[in-house]
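Read the structure below first, then the notes.
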Amino acid sequence: MTIDNIRSQIAPTWCPGCYDFIMYLGIENALKALDIPKEKVVIVYDIGCIGNMADFFKTYAVHSLHGRSIPTAIGIKLANPELTVIVVGGDGGIYGEGTGHFIAWARSSVDISVFVSNNNLYSLTTGQTSPTTPKGSKTKSTPLGTPNEPIDPVPLAKAVNPEIDAVSVDGHNPIEVIAAFKKAILHPGFSLVDCRQICVTFGKQLDS
Amino acid sequence: MSSNVFTIKIAGPAGAGIKSSGLLLSHILVRHGFNIRDYVEYPSLVKGGHNTYQVSFSKDTIFTARYQIDLFLSLQPKHWQQHQPEFTDKTIVISEDATTTVPLKELSTPLGSRIYENTICLAIACYLFSLDQQLCKKIVSDNFGQQSPNNQAFQVGLDYSKEHFSTQIISSVAQTSQETGLAIHDGNESFGWGFLQTGGNFYCAYPMSPSSGTLHFLAGKQTEYGIQVIHPEDEIAAASLAVGASFAGARSAVGTSGGGFALMVESISLCGAADLGVVFYLVSRPGPATGLPTWTGQGDLLFAVNAGHGEFNKIVLAPGDQQETFDMSGTALNLAAQFNIPVIVLSDKFIAESSASLPDLSQQKIDQIISTKPLPGTPGKEYMANSYEHDIDGFAIEDAAPVKVSVEKRLAQFEEIKKAIPSPLFYGSKTAQNLIVSFGSTKSTILEALSMMDNKDDFAFLQLRSVWPLNPELEGLLTPFTNIIVIENNAHAQMVSLIKSQFNFNPQKVLLKYDGRPFFPEELAKLLNS
């Protein structure tokens, strides 16, 4: 597989300096390094900034509904176990709208890899609180401070199934991201790579 | 007995084996060459309450269970009094506290448990209808196993009957001698068989009455048919799994009732946007909200037709009985594959949990239409199924011109869909004075009511089979009639609104029923003539 043949003709539209570029290159590099035939790859994208990656690759793909990427991917994998199935979503889709699905399928041994861009914010909708926003942070939807405790996704997932491959990595570090993606794709079961990021456009709110 | 249709009803608390002994009775009747149609009522609880099973049988064609009972068997005291409106002066009521008393408790004591009283009652019914006792005993033994105390219970029932009843009580049942080879299927099972026989291989459902029968049926067929049946965390996941499976090439379906269907609605819209064929089997019960979980109604018609945000193509089929549920299960899978759209099969509790004697559905194959979409794994055909408005490769679009092209592509497809949907069925004479119009489960009651009426030739009957889109030929079928009678099992006359939204339609009479019960033939015959 060459790098060219997985990219689409559409240039990424993320903000300059966005760490989603690292996940984009991370997926490309991991697939290349593992030499997985392009046609065997299915990527299921959630909705959000990271979900917009859907237009920047050309593989078999589903740009699914917000929060529903995991069960959609499970359906694909169960229907054709020969496929390499990857979920790409954000903290809103995977840990918020899709929390129930995340916990339910972390309990399973179905071999999908879930890559989460976790920047503690809803960014495509211009910066509201997410399930991983630190308590007290002021955001557009919580100007008085986020009232609830944040989710810590890796211990949460491991609590329901210690067998899964779940890690949280520094999403600003390409080496860590690529290594984790490769390991997750190779893991013969459910895997989670939580990429911790700062949103370059709306992230400053979290310092307040 | 003036009619050649007979009806037996068994009543008692939940957990007493009302339905199991009722189904066994139906099985015995079918083995004697009768056609059967049954109807069950039960509350949403596991023990206690009041359950009933009734079966009508005839050597002639029969469409649905009758209201008036010939033989009523009450497993415990106080379970027959509330059914007196269903009795005629010839009805035989058997109960510890009725005119014809049977000391069930005393008879079951030597057997060690009151659980065998249903089998004792079963034997009494077989005896009173002069059924072949050797055949009955064999069927009972095959059902329970040779060592089961139920065999003894059946003999106890026969012995008691011989001693206390004359077989002449109900003597005019004309038995057919040869077996018909018919099998008994309820609507949920019929849907499952249609799914299997059309190559369905991926079924997802979160349990919800009255649709769970299909989940249980298909789950039990997984190994034999090599299919996958998944019970996930909720209905949203069930629909999402089916969507994903469809993308990967499975012939997928989900099953649910109104409340679960509400959670699946976003996936219906997704199927419409992303060109994914999935079948949604919606078995209605009365709402709103949790409503009446174990009762029947047609209150979800407009919900099904309008399910999903945005404008996209979908088909809603409405089978009228168990055989049509089988047929339309297959039709739905084929239409979903042909057009890559969501197809809803709208049934209700009355069809889904009632049984009919039908040709053995395990032996009926349905021709398959296979989707021509590229499957993941095929080199060089990579594309995206996209929930966003998209171009032909699946990439998102926002410019005005390509968006318009995409919308108009769906509009053009809608015209093709209208040519592919099942036509309405017309029964009777095109020159009849009155035209009855209905959809779904009222069909069987209408046909049974007409069969009972002396003036049945005054009525023709038009059954909608596709409730969305409405078949364009519908207008031409309606126009010649000035006296139109609509029959719906809901309170808002939703089908009237639906037809009015497309055609000039002014029915003279609208008969509605919205108490959780289906229309009964006797009731409908009276209403049609009033």
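Structure above, values below:
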{"read-out": "Loop GluC sites (Glu not before Pro), region B:402-484 (other Cβ atoms within 10 Å of the site Cβ: 14 or fewer; DSSP)", "value": "B:Glu473"}
{"read-out": "Size of region B:6-180 as Cα extents on the principal axes (Å, biggest first)", "value": "38, 37, 32"}
{"read-out": "Candidates per trypsin sites (Lys or Arg not before Pro) in region B:318-387, loop by DSSP, up to 15 other Cβ within 10 Å", "value": "B:Lys365, B:Lys381"}
{"read-out": "Share antiparallel - DSSP beta bridges, region B:6-180, percent rounded to 5", "value": "60"}
{"read-out": "Relative contact order (%) - chain A, alpha-carbon pairs under 8 angstrom, separation at least six", "value": "22"}
{"read-out": "Phi-based couplings in Hz for region B:276-285 (Karplus 6.51, -1.76, 1.60; Gly and Pro marked x)", "value": "10, x, 9, 9, 10, 8, 10, 9, 6, 9"}
{"read-out": "Residues of region B:230-264 buried by at least 50 Å² on assembly (accessible area, 1.4 Å probe, chain alone as reference)", "value": "B:Glu233, B:Ser240, B:Leu241, B:Phe247, B:Ala248"}
{"read-out": "Counted charge near B:Gln197, where neighbours are those whose Cβ lies closer than 15 Å (Asp, Glu -1; Lys, Arg +1)", "value": "-3"}
{"read-out": "Cα long-axis angle, helix B:117-128 against chain B (0 to 90 degrees, to the nearest 10)", "value": "80"}
{"read-out": "Average accessible area per residue (Å²) across the protein assembly as shown - probe 1.4 Å, nucleic acids and ligands excluded", "value": "38"}
{"read-out": "Per residue, the convex hull volume that the Cα atoms of region B:379-439 enclose (Å³)", "value": "174"}
{"read-out": "Antiparallel DSSP beta bridges within chain B, as percent of all bridges there, nearest 5", "value": "40"}
{"read-out": "Accessible-area composition of region A:102-174, carbon plus sulfur, in percent [1.4 Å probe]", "value": "56"}
{"read-out": "Rule-of-thumb Rg ratio for chain B [Cα; 2.2 N^0.38 Å; N residues]", "value": "1.04"}
{"read-out": "Sites excluded, GluC sites (Glu not before Pro) in DSSP loops with at most 15 other C-beta within 10 Å, longest stretch of chain A", "value": "A:1-81"}
{"read-out": "Simple Cβ-charge dipole of the protein assembly as shown, Lys/Arg +1 and Asp/Glu -1, about Cα centre, in debye nearest 20", "value": "280"}
{"read-out": "Expected-Rg normalisation [2.2 N^0.38 Å, Cα atoms] applied to chain A", "value": "0.96"}
{"read-out": "Gaussian network model of chain A, springs between alpha carbon atoms under 10 Å - residue of A:Ala106, A:Ala73, A:Ala33 with greatest fluctuation", "value": "A:Ala33"}
{"read-out": "Cα point-scatterer Debye curve for region B:425-528, base-10 log of I(q)/I(0) at q = 0.11, 0.17 Å⁻¹", "value": "-0.29, -0.73"}
{"read-out": "Accessible area in the full protein assembly, largest first, 1.4 Å probe, for B:Thr7, A:Thr129, B:Thr290", "value": "B:Thr290, A:Thr129, B:Thr7"}
{"read-out": "Tail beyond 22 Å, pair distance distribution of region B:371-498 (Cα, percent)", "value": "56"}
{"read-out": "Radius, Kirkwood style, for region A:23-110 when every pair of distinct Cα atoms is counted (Å)", "value": "13.1"}
{"read-out": "Neighbourhood net charge (13 Å Cβ-Cβ; Lys/Arg +1, Asp/Glu -1) for B:Asn489", "value": "0"}
{"read-out": "Kirkwood hydrodynamic radius of the protein assembly as shown, from inverse mean 1/r over distinct Cα pairs, in Å", "value": "28.3"}
{"read-out": "Karplus-derived HN-Hα couplings along region B:251-267 (A = 6.51, B = -1.76, C = 1.60, θ = phi - 60°), whole Hz, x at Gly and Pro", "value": "9, 10, 8, 10, x, 6, 10, x, x, x, 4, 4, 6, 8, 4, 5, 6"}
{"read-out": "Amide H contacts of B:Val278 (H built 1.01 Å from N, under 5 Å, at least 5 apart or other chain)", "value": "B:Ile341, B:Val343"}
{"read-out": "Candidates A:Thr146, A:Thr125, A:Thr84: whichever shows maximal mean-square fluctuation once chain A is modelled as a Gaussian network with Cα springs under 10 Å", "value": "A:Thr125"}
{"read-out": "Per-q log10 I(q)/I(0), region B:185-420, q = 0.10, 0.15 Å⁻¹ (Debye; single scatterer per alpha-carbon; no solvent)", "value": "-0.43, -0.95"}
{"read-out": "Interface area, B with A, accessible, probe 1.4 Å, both sides summed, Å² nearest 100", "value": "2700"}
{"read-out": "Amide H partners (placed H, <5 Å) of B:Ser284, local residues excluded", "value": "B:Ser347, B:Asp348, B:Lys349"}
{"read-out": "Those lysines that a straight Cα-Cα span of less than 17 Å connects to B:Lys513, excepting residues fewer than 8 apart in one chain", "value": "B:Lys349, B:Lys443, B:Lys526"}
{"read-out": "Coarse-grained scattering of region B:330-436 at q = 0.23 Å⁻¹, given as base-10 log I(q)/I(0) from a Debye sum over alpha-carbon atoms", "value": "-1.39"}
{"read-out": "C-alpha long axis of helix A:69-79 to longest principal axis of chain A, angle in °", "value": "20"}
{"read-out": "Mean separation of Cα contacts under 8 Å (6+ apart) over length of chain B, as relative contact order %", "value": "13"}
{"read-out": "In region B:57-109, the trypsin sites (Lys or Arg not before Pro) that fall in loop regions by DSSP, at most 15 other Cβ within 10 Å", "value": "B:Lys78"}
{"read-out": "Antiparallel content of DSSP bridges confined to the protein assembly as shown, in %, to 5", "value": "30"}
{"read-out": "Minimum 30 Å² accessible area buried by the other protein chains, region A:24-44 residues, probe 1.4 Å, relative to alone", "value": "A:Glu39"}
{"read-out": "Carbon/sulfur fraction of accessible area - region B:49-157, other protein chains in place, 1.4 Å, %", "value": "47"}
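The values are calculated or read from the model by the stated rules, or taken from the named source; none is laboratory data. Given the structure is predicted, the values throughout are model-derived calculations rather than measurements. Every residue, glycine as well, gets a Cβ built from its backbone with ideal geometry; the counts of neighbours run over all protein chains shown. Just the protein is used for accessible areas: all its heavy atoms, side chains included, with ligands, DNA and RNA removed. Shrake-Rupley method; radii C 1.70, N 1.55, O 1.52, S 1.80 Å.
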